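K.L.:
The structure is given below, and queries will be raised subsequently.
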Amino acid sequence: MSCDTEGGEGPLQPQDGFSFRRLSLCLSIDLEQPSLPLRTLSGQWPQLDPAAFERGTALLGSMEMDPTRFSKDDLCHLALKIFEAAGLPKELAADLGRVRRFILAVRESMYDNAYHNFYHVFDVTQTVSVMAGRTGTLDRLNAWER
């Protein structure tokens, strides 16, 4: 996939670093064409590992979740579960391919370093989800704000 960039057209590569502008450009290309196969920057939606998914699902509502004990593929499935549990807007719930492409684009756009990486993104997403649920904040938000 190519994404229009300030320097012209070119494939998004991990060494290019994370850029919300580039990510949004890539996503808008995918999201406007739902008939495209469910492919992202360099891969497909990962296979589900039922044992890891069950183990992770049991931890999603707790502060005991340690994303480093899961593969990035497992975390994609668990991130989708978080979004579904929060209550997706009906426009997205009807097309989970959009949400999956978003998760994969974020995963592949993150730096490959010791801290600001996909594990960190998942950790923040899951922690905020737990805190928003426990404090009642999630109940006060509409579907798009969640």
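K.L.:
Where the second residue is outside any helix (DSSP H, G or I) and surrounded by fewer than 20 Cβ atoms within 10 Å (Cβ to Cβ) and the first is touching a residue at least 60 places away in the same chain (Cβ under 8 Å) and lies in segment 69-96, which pairs have Cβ atoms under 8 Å and are six or more apart or on separate chains?
P.N.:
Pairs that qualify, where the first residue is touching a residue at least 60 places away in the same chain (Cβ under 8 Å) and the partner is outside any helix (DSSP H, G or I) and surrounded by fewer than 20 Cβ atoms within 10 Å (Cβ to Cβ), are Ala86/Arg146; Asp95/Pro34.
K.L.:
Just to verify a result, which residue in segment 106-127, among those that are at pLDDT below 95 and either open to solvent by 50 Å² or more (accessible area, probe 1.4 Å) or small (Gly, Ala, Ser) (or both), is nearest to the chain's Cα centre (by Cα)?
P.N.:
In this case the residue turns out to be Ser109.
K.L.:
While we're here: Just need a number here: residues in segment 24-80 that are over 13 Å from Phe102 (Cα atoms), part of a helix (DSSP H, G or I) and either at pLDDT below 50 or more than 14 Å from the chain's Cα centre (by Cα) (or both).
P.N.:
The number of residues fulfilling the criteria is 12.
K.L.:
In addition: Applying the selection to segment 83-97, what residues are surrounded by fewer than 19 Cβ atoms within 10 Å (Cβ to Cβ) and in a helix (DSSP H, G or I)?
P.N.:
Going through segment 83-97, the residues surrounded by fewer than 19 Cβ atoms within 10 Å (Cβ to Cβ) turn out to be 84-87, 89-97.
Answer for segment 83-97, where residues must be surrounded by fewer than 19 Cβ atoms within 10 Å (Cβ to Cβ) and in a helix (DSSP H, G or I): Glu84, Ala85, Ala86, Lys90, Glu91, Leu92, Ala93, Leu96, Gly97.
The values are calculated or read from the model by the stated rules, or taken from the named source; none is laboratory data. A quick note: this is a predicted structure, and the numbers were derived from the prediction, not measured. All Cβ positions, even for glycine, are placed from backbone atoms using ideal geometry, and neighbour counts span all protein chains on display. The accessibility values were calculated without ligands, DNA or RNA, using every heavy atom of the protein model including side chains. Shrake-Rupley method; radii C 1.70, N 1.55, O 1.52, S 1.80 Å.
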